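Any read-out appearing in this document is the output of simple, stated calculations on the displayed coordinates, not a laboratory observation. As the structure is a computational prediction, the values presented were derived from the model and not from experiment. All Cβ positions, even for glycine, are placed from backbone atoms using ideal geometry, and neighbour counts span all protein chains on display.
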Amino acid sequence: MKTNAPRILLLCNGEPPSRSLLRRLAGEADMIVAADGGANVALRSGVRPDVIIGDMDSILPETRKALADSRVLRVRRQDNTDLEKALDFISERGPAEVAIAGATGGRIDFTLGNLSVFWSYTRTLGITFVGDGWRALAVGRHRTVIAPRGTTVSLLPFGSCVGVTLRGLRYPLNDAAMGAGEIGVSNVVRTSPFRVTVRRGRMLLVIFYGAENRGAHPVW
């Protein structure tokens, strides 16, 4: 991903992070997109989206009225989710760094679905799911991460992953294989930056930050 790619905050209709985190991300973003009911989350947090997109079955009438200046894109298609509709819109604009908030919590099917469908967009978009005290991102071929010593990290393979190498963590791996269900939870950062390499496969890296970094951890 190019370092000069625009930063886009994408708000979904799940369990939102704190108002302070959303407002910080909004202040750092070049564009704010709300996926349907994510506009309700935005309004409650004092964030005004530039674009609201979806099939419009979750946005409240009072939200539509309050955010009348936002661009509204109604997509009637019913065979994909509002998150996918939003990511389609964003990816059509070219490479971007996307922070997705409110994509977890609430209904477990939506949480699992959101963590599954985003893989189709990782060639164009640098996607990070974010909440208070944590962020989750695709490794790609390799990922180097700066995090305080003692930070907890977990690795979740989405299918078969080969050539998994971990450096700078308490429990290292060298050219290992991990299949679906062979999760690597609660590893710990020993040296920073730490590095995760996956030669082939889809690996989700989840990073948990301590209380001192709960609302100020890096996202972009």
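Observations, loosely collected:
- Measuring nothing but how far apart in sequence close Cα pairs (under 8 Å, 6+ apart) lie, relative to its length, region 7-132 scores a relative contact order of 30 percent.
- Filtered GluC sites (Glu not before Pro), region 1-96: DSSP coil and at most 13 other beta carbons within 10 Å: Glu92
- Separation between Cα centres of region 1-44 and region 109-140, rounded to whole Å: 14
- Label-reachable residues, region 40-82, where backbone N falls under 16 Å from a point 7 Å from Glu92's Cα toward its Cβ: 51-56, 71-82
- Nitroxide proxy distance, nm - points 7 Å out along Cα→Cβ at Asp55 and Arg167: 4.7
- The angle between the Cα long axis of helix 19-28 and the longest principal axis of the Cα atoms of the chain comes to about 90 degrees, rounded to the nearest 10.
- For region 57-71 versus region 151-212, the inter-centroid distance based on Cα atoms is 40 Å.
- Helix-only mean residue ellipticity at 222 nm for the chain, each DSSP H run of n ≥ 4 adding -39500 (n - 2.57), per residue, nearest 500: -5500 deg cm²/dmol
- Overall form of region 7-132 per C-alpha gyration tensor (a/c, 1.5; a/b vs b/c): rounded
- Degrees separating the helix 82-91 axis from the principal Cα axis of the chain, which is the longest one: 80
- Sorted on the mean count of surrounding Cβ atoms within 10 Å across their residues, most packed first, peptides 51-57, 21-27 read 51-57, 21-27.
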